[in-house]
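The values are calculated or read from the model by the stated rules, or taken from the named source; none is laboratory data. Remember, predicted model here, so these are calculated numbers, not experimental data. Positions of Cβ are generated from backbone atoms using ideal geometry, with glycine treated the same way; all protein chains shown enter the neighbour counts. SASA here: full protein model, heavy atoms, side chains in, ligands and nucleic acids out. Shrake-Rupley method; radii C 1.70, N 1.55, O 1.52, S 1.80 Å.
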Amino acid sequence: MYEKFYGFKEKPFNLTPDSKFFYASPKHEEALNTLLLAISERNGFVVVTGEIGSGKTTVCRTLLNRLDPSTKVALILNTHLNKKELLTAILDDLDIEYKTKSKSHLLGALNKYLIEQAHNDVNVVLIIDEAQNLTPSVIEEVRMLSNLETEKEKLIQIVLIGQPELRKKLSNPNLEQFRQRVVFHYHLQPLDYIETGEYIKHRLAKAGNKRGDIFSQPAIEEIYKYSKGVPRLINLACHNALISGLVYESKTIYRAIAEEAIIELTDGIGHVFHADKKKQIQKLEQAEEAAPKQFMLSDTKFLSYLNGDEEKEKNQIIKTDQWEENNG
């Protein structure tokens, strides 16, 4: 769509999780390192939670790429399962043969497989994504899998990844034994303002724009205010802004273009080309590029504004808007 116009090798802001575009913010890197450490140490349970679109699945995909190649992984994505269906899904993903679907036979087949892998010093990992959908009885069944162990270590390492509802579900008094088995529980926070800018530049560079300079700083400010640092929302806003940039034949995404893209997202009206808007965009671009530096919000001032010092910063924003109007 806009790849050729901006010189991309591929779209930089796809919504599909892609470990190639993994941005190692301190938060995401810590979550990833926590998972790698727990798995390598064969500690047992790890729980990772985060809001919708916070990057949990991308962390999971990156984890799969960084695990030792010999590691056997069962990745469960469909979590609307009963206990027997979950066991069957685990065996199927590990290519374990079974003759019947009786629970005792399934557990026996899994235990035999795990012992064989442990004998060969091969680590086995069970990753359950969207784990907030598991019922308490299925979660208890997962806990029972951790009883498969030797005298020194767990035979299977278990990772639960889910939305904040998972944390609430695990606080159920009936799941006390499960909570006691959790070695690490990491909650993934959204990106801050500085990280949002770096995230956008990182993805642009990965897609082919090495300088990562397509989005102006004021445009990034608008995207952060809309997304609150949630990666999926950043991707949505940036993708829409690039489409608008293509429509208006602008090689740089300025604040006005980002604002329009965000309005289209929030109003759900889709991309509409306004014949007279292109000239308005060009005027705003010229004003933004020519604006004295003292009128542009610095990172520190913008953070101060977001953190509640509104009255202190309002005059600065009004000055910027007035300057753009007078020079538009």
One residue is enough: does the range 90-98 have a residue meeting the conditions open to solvent by 40 Å² or more (accessible area, probe 1.4 Å) and in contact with a Leu (Cβ under 6 Å, 6 or more places away or on another chain)?
yes
Pair list, Cβ < 7 Å and 6+ apart or interchain, from the range 80-107 residues that are over 18 Å from Ile128 (Cβ atoms) to residues that are open to solvent by less than 60 Å² (accessible area, probe 1.4 Å) and of a type in the set (Val, Ile, Thr)
Lys101/Thr88
Considering only the range 19-104, give the helices (runs of 4 or more DSSP H) lying wholly within it that have at least 1 residues that are under 19 Å from His187 (Cβ atoms) and at pLDDT 90 or above.
26-40, 56-66
Just give me the residues in the range 1-47 being of a type in the set (Val, Ile, Thr) and open to solvent by 30 Å² or more (accessible area, probe 1.4 Å), in sequence order.
Thr16
Which listed residue, of Gln163, Gln157, Gln132, is among the polar types (S, T, N, Q) and buried (at least 21 other Cβ atoms within 10 Å of the Cβ):
Gln157
Tally the residues that are touching a Leu at 6+ places or on another chain (Cβ under 6 Å) and free of Cβ contacts under 8 Å to residues at least 24 places away in the same chain, restricting the search to the range 140-178.
1
Looking at (1) of a type outside the set (A, V, I, L, M); (2) open to solvent by 10 Å² or more (accessible area, probe 1.4 Å); (3) over 16 Å from Leu155 (Cα atoms), which one does Gly50 not meet, given that it meets all the others?
(2)
Confirm whether Leu233 is buried (at least 19 other Cβ atoms within 10 Å of the Cβ) and either touching a Cys at 6+ places or on another chain (Cβ under 8 Å) or closer than 29 Å to Leu86 by Cβ (or both).
no
Scanning the range 105-127 residue by residue, the ones that are surrounded by 12 or more Cβ atoms within 10 Å (Cβ to Cβ), of a type in the set (S, T, N, Q) and in a loop (DSSP other than H, G, I, E, B) total 1
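Quickly run through the range 160-186 and pick out the residues that are in a helix (DSSP H, G or I), of a type outside the set (A, V, I, L, M), over 21 Å from the mean Cα position of the chain (by Cα) and farther than 20 Å from Leu35 by Cα. First the steps, then the outcome.
Step one: filter the range 160-186 for residues in a helix (DSSP H, G or I), giving 165-170, 173-181.
From what is left, the residues that are of a type outside the set (A, V, I, L, M) are 165, 167-169, 173-174, 176-181.
Then keep just the ones that are over 21 Å from the mean Cα position of the chain (by Cα); that gives 169, 173-174, 176-181.
Of everything in the range 160-186, those that are in a helix (DSSP H, G or I), of a type outside the set (A, V, I, L, M), over 21 Å from the mean Cα position of the chain (by Cα) and farther than 20 Å from Leu35 by Cα turn out to be Lys169, Pro173, Asn174, Glu176, Gln177.
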Please work out which residue is farthest from Tyr224 (Cα to Cα), limiting yourself to the range 186-208 and to residues that are touching a helix residue (DSSP H, G or I) at 6+ places or on another chain (Cβ under 8 Å) and among the basic types (Lys, Arg).
Lys206
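Take Glu198 and decide whether it is of a type in the set (D, E, K, R), within 23 Å of the chain's Cα centre (by Cα), open to solvent by less than 20 Å² (accessible area, probe 1.4 Å) and over 19 Å from Lys4 (Cβ atoms). Spell out the reasoning first.
On the way: of a type in the set (D, E, K, R): yes; within 23 Å of the chain's Cα centre (by Cα): yes; open to solvent by less than 20 Å² (accessible area, probe 1.4 Å): no; over 19 Å from Lys4 (Cβ atoms): yes.
No; evaluated as a whole, the condition is false for this residue.
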Of the conditions (1) touching a Ser or Thr at 6+ places or on another chain (Cβ under 7 Å); (2) open to solvent by 20 Å² or more (accessible area, probe 1.4 Å); (3) of a type in the set (Ser, Thr, Tyr), Thr62 fails just one. Which one is it?
(2)
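Looking only at residues in the range 241-252 that are open to solvent by 20 Å² or more (accessible area, probe 1.4 Å) and in a helix (DSSP H, G or I), which one is farthest from Arg203 (Cα to Cα)? So that I can check it myself, show each step before the final result.
The first filter runs over the range 241-252 and keeps only residues open to solvent by 20 Å² or more (accessible area, probe 1.4 Å), leaving 243, 246-247, 249, 251-252.
Now restrict to residues that are in a helix (DSSP H, G or I): 243, 246-247.
Working: Ile243: 16, Leu246: 18, Val247: 21 Å.
Among them, the one singled out is Val247.
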Which one of these is of a type in the set (D, E, K, R) and open to solvent by less than 70 Å² (accessible area, probe 1.4 Å): Arg203, Arg179?
Arg203
